[in-house]
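Below is one structure, written out as structure tokens; comments come after it.
Read-outs: derived from the displayed coordinates by stated rules, not from any lab. None of the values given here were measured: they were computed from a predicted structure. So basically every Cβ, Gly included, is an ideal-geometry build from the backbone, and we count neighbours across all protein chains shown.
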Amino acid sequence: MLRVDHLTFAHPGQSQSYDFSFEAEAGAVTAISGASGSGKSTLLDLLAGFLTPVAGRIDLDGSNLVPLPPEARPVSLLLQSESLFDHLSAAKNIALGLPAGTAKAETQRQIAEALGEVGLPGLEDQPASTLSGGQKQRVALARTLLRNRPVLLLDEPFSALDDDTRGVIRQLVRELTVRHGWHTILVSHHSDDVEALASRHYALSGGKLVAA
Ligand SMILES: Nc1ncnc2c1ncn2[C@@H]1O[C@H](COP(=O)(O)OP(=O)(O)O)[C@@H](O)[C@H]1O
Ligand SMILES: [Mg+2]
């Protein structure tokens, strides 16, 4: 269980302050919805460690993540238009997420397995520049699989996709979340994303989260 307890923050020079409390279960998608500018990305940045809270806790199975720098947090972040390096192959993009020192053959095997799991078997050598938007999100999810971190943060991950692709990637996120026991936090302002995926839903307004 991920428990966020009175995580408190204000952007420098901004009057709005945030006081976030919520819970997210393992193997389930927790949705956060809210108007543009309500603070959804701010919340994810606090969870990922890119912003430092004034007070509060982020407990994952009882241990507090707040003191940890971003790279030491058991957290992956997936954005709307994925930050793949266009000039690198799918496999090289995935390998970027790996700790140094893994044996090459073992890495190749893990990448092939992850590409199979996201429905892109055999695409190792394809340059990222030639992948569709949906394929890029799949490669990004494959990278997440190799990093194997139990908290997955998704910031409007389906917004740039057409409706059909969106449904497929949404389903994939749900399957991976259940299979790997991830605590997946989905930020979206699309109510159909929330309805299709979320087992819990919070609305963000006035700097606070309210169960919706
Ligand atoms: N680095 C920053 N410095 C100051 N204000 C910021 C910064 N980042 C975001 N904000 C402001 O904080 C508010 C929440 O932003 P954000 O979390 O990006 O909202 P959302 O993701 O819900 O659209 C907005 O008013 C935004 O302008
Ligand atoms: Mg945002």
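For segment 20-56, which positions are farther than 21 Å from residue 174 by Cα and more than 14 Å from ligand 1 (Cβ to nearest atom)?
21, 49, 54, 55, 56 - these are the residues of segment 20-56 that are farther than 21 Å from residue 174 by Cα and more than 14 Å from ligand 1 (Cβ to nearest atom).
Within segment 151-167, which residues are more than 16 Å from ligand 2 (Cβ to nearest atom) and part of a loop (DSSP other than H, G, I, E, B)?
Hits for segment 151-167 are 161, 162.
May I ask you to list the residues in segment 168-195 that are touching a Lys or Arg at 6+ places or on another chain (Cβ under 8 Å), part of a helix (DSSP H, G or I) and crowded, with 18+ Cβ neighbours inside 10 Å?
Result: 169, 193.
Report, by residue number, each residue of segment 22-50 that is surrounded by fewer than 17 Cβ atoms within 10 Å (Cβ to Cβ) and either within 16 Å of residue 177 (Cα to Cα) or more than 10 Å from ligand 2 (Cβ to nearest atom) (or both).
23, 25, 27, 35, 50
Looking at segment 15-31, is at least one residue assigned to a loop (DSSP other than H, G, I, E, B) and more than 18 Å from residue 200 (Cβ to Cβ)?
yes
Quick one: count up the residues across segment 1-14 that are in a strand (DSSP E or B) and either within 14 Å of ligand 1 (Cβ to nearest atom) or in contact with a His (Cβ under 6 Å, 6 or more places away or on another chain) (or both).
4
In segment 32-56, how many are hydrophobic (A, V, I, L, M, F, W, C), touching a residue at least 40 places away in the same chain (Cβ under 8 Å) and assigned to a loop (DSSP other than H, G, I, E, B)?
Within segment 32-56, residues that are hydrophobic (A, V, I, L, M, F, W, C), touching a residue at least 40 places away in the same chain (Cβ under 8 Å) and assigned to a loop (DSSP other than H, G, I, E, B) number 3.
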